[in-house]
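Working notes, structure below.
What follows is calculated from the coordinates using simple rules that are stated; it is not laboratory data. Just so it is clear, the structure is predicted and the values come from calculations on it, not from any experiment. Note that we place each Cβ from the backbone using ideal geometry, even for glycine, and neighbour counts take in every protein chain shown.
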Amino acid sequence: MALLIRNGEIVTVGSRVQADVYAENETITTIGKNLVVPPGTEIVDATGQLVFPGFIDPHVHIYLPFMATYAKDTHETASIAALIGGTTTYIEMCCPNRNDDALAGYQLWKSKASGNSACDYAFHMSVTKFVRETESQLREIVADGTSSFKIFLAYKNFFGVDDGEMYQTLALARRLGVIVTAHCENAELVARLQEQLLAEGKTEPEWHEPSRPESVEAEGTGRFATFLENTGAAGYVVHLSCEKALNAALAAKQRGVRLSVEVVLPHLLLDKSFAERPGAEGMKYVMSPPLRAKHNNDALWSALALGFVDTVGTDHCPFDIDQKLLGKESFVNIPNGIPGIEDRVNLLYTMGKRKRIDLDRFVDFASTRAAKLFGLFPRKGTIAIGSDADLVVFDTNYRGTVSVKTQHVNNDYNGFEGMTIEGRPSLVTVRGKVQARDGKFVGERGRGCFLRREPKHF
Ligand code: URP
Ligand code: ZN
Ligand code: ZN
């Protein structure tokens, strides 16, 4: 069915223009003023509203066996929540662990998404060991259209790789033109610090942050950058949480290392005092890297405003309170993670407005830059002729509050509870089909498709 979004203010990187957008066969075919369209076209009046390209969340966990349990969402619940919040594409971390076969893991992760997601999706393929068959399996996965890898320097003996495996992964990625995303914390130091804190009887969630201090993340970030420098691969630090790690990343960028930086919603909006609350209240806010001292929020926002940070994801990873209580005897057993997929766009828009960040930057860090880095541009991440008709009509007059009571994410708490939002999507389309309206899912379940991406980081 054809779709016309009439008279909105279309916002893309480098341009703001009042015009109509017309889409046919899933694709934007015309942009202009006062378009005349064929009978039967679905017409949406966007007068007084903004029209954004569909937003992209470059870092989510949906199917995730982790820390003796499973993350709570399915592709059905996560994609509906994503769409209501304006996210039309997400990139899921495919995370087989060190004991799993990588290729079988990749097929398993794909099977969980296939036919179940209401929005489009892709994967970052985790490399959690490097053995005899790894190279041929990764070549097969890249040929299948998954052109980004993930490594964990943290989570010793589970997802974590050692320096030799990191080197082999980066060297192969360089040859394949694949970008490597990395969780940068020193696994050995985390294990030793956890041991020491527990020996001192420090078992509450408040000790999670001291077990993985800023220096441990800065070391991981710096080491990843040094390995990129010496292999020539392109890299992307995921969920960078603090000023010390930011400085390590920026120093590397400055000396020409091919490094991009992602921050995630919790590290922008929350601080370690949340995780210092006693018992289950604190456990809700346990994630890795941990929430940090408050001054780090400002450092990340400034870097974002200046374009030193490339993207904002969520690291969406919901565990409910019962699951969090697996760690009631020891913080090391609290499942790490917090949801955010539904709230990212609205909270970033709201906070960005309060901090006077340009809409142009907002569109870049919440959509366009991820599309460019991960081989989705210009199909995704912009409003242009030939792009997929993934459109977000955004009502800047809406006022509301984030709450577990109204969320669609499958979880029993919301880490951003009570935060106010000044705007939300009034309409969200995926390839020309209306999938969400005014906080409700109105679309077709399972409509989302797997996005094949060509390597581009040669
Ligand atoms: O705490 C987190 N971040 N949980 C999800 C796994 C990861 O490290 O991204
Ligand atoms: Zn991580
Ligand atoms: Zn993650």
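List of remarks:
- Net length gained if the chain between S273 and D101 were fully extended (0.36 nm per residue, minus Cα distance): 58.0 nm
- Gain on full stretching of the segment that runs from N34 to Q254 - 0.36 nm per residue minus C-alpha separation: 74.5 nm
- Estimated [θ] at 222 nm from DSSP helical runs (n ≥ 4, -39500 (n - 2.57)) normalised by residues in the chain, nearest 500: -9000 deg cm²/dmol
- Modelled spin labels at T203 and M1, positioned 7 Å past Cα toward Cβ, are 5.8 nm from each other.
- Rounded to the nearest 20 debye, the dipole magnitude of segment 350-419 is 260 debye, with +1 charges on Lys and Arg beta carbons, -1 on Asp and Glu beta carbons, and the Cα centre as origin.
- Ranked T29, T231, T221, T420, criterion: other C-beta atoms within 10 Å, fewest first: T420, T29, T231, T221
- Helix axis angle, 243-254 relative to the chain longest principal axis, alpha carbon, degrees: 70
- Percent of Cα pairs in segment 375-458 per distance bin of 10 Å, from zero to the largest separation: 15, 34, 34, 16, 2.
- When every Cα-Cα distance of the chain is counted in 20 angstrom steps from zero, the calculated P(r) takes the values 27, 59, 14, 0 percent.
- D (Stokes-Einstein, µm²/s), Kirkwood Cα radius, segment 309-458, 1.567 mPa s at 4 °C: 75
- Here E140 and T69 are evaluated by their C-beta separation; at R0 = 25 Å the FRET efficiency comes out at 0.25.
- Relative pair counts by distance (%), Cα atoms of segment 127-173, 5 Å bins: 5, 23, 32, 25, 13, 3
- Placing +1 on the Cβ of every Lys and Arg and -1 on the Cβ of every Asp and Glu, with no other charges, gives the chain a dipole of roughly 800 debye about its Cα centre.
- Lys/Arg +1, Asp/Glu -1 at C-beta; the chain dipole; positive extreme among A245, A113, V428: V428
- Here the extension length gained between N25 and A384 equals 127.8 nm, from 0.36 nm per residue of separation less the Cα-Cα distance.
- Exceeding the 26 Å Cα-Cα cut-off - candidates K150/K253; K272/K328; K244/K456; K272/K353; K150/K433; K72/K405: K244/K456; K150/K433
- Alpha carbon convex hull of segment 255-376, projected area averaged over orientations, nm²: 8.8
- For segment 1-79, fraction of C-alpha pairs farther apart than 22 Å, in %: 45
- Residue (of G54, N296, V264) at the positive-pole extreme of the chain, dipole from beta-carbon charges: G54
- Student exercise, segment 71-229 dipole from Lys, Arg, Asp, Glu Cβ charges, in Debye to nearest 20: 440
- The GluC sites (Glu not before Pro) of segment 177-225 meeting both criteria, a DSSP state outside H, G, I, E and B (loop) and at most 11 other C-beta atoms within 10 angstrom of the site's C-beta, are E200.
- Dimensions (Å) - segment 1-43, Cα atoms, principal axes, largest first: 32, 20, 12
- Using only alpha carbons, segment 62-109 has a radius of gyration to Kirkwood radius ratio (Rg to Rh) of 1.03.
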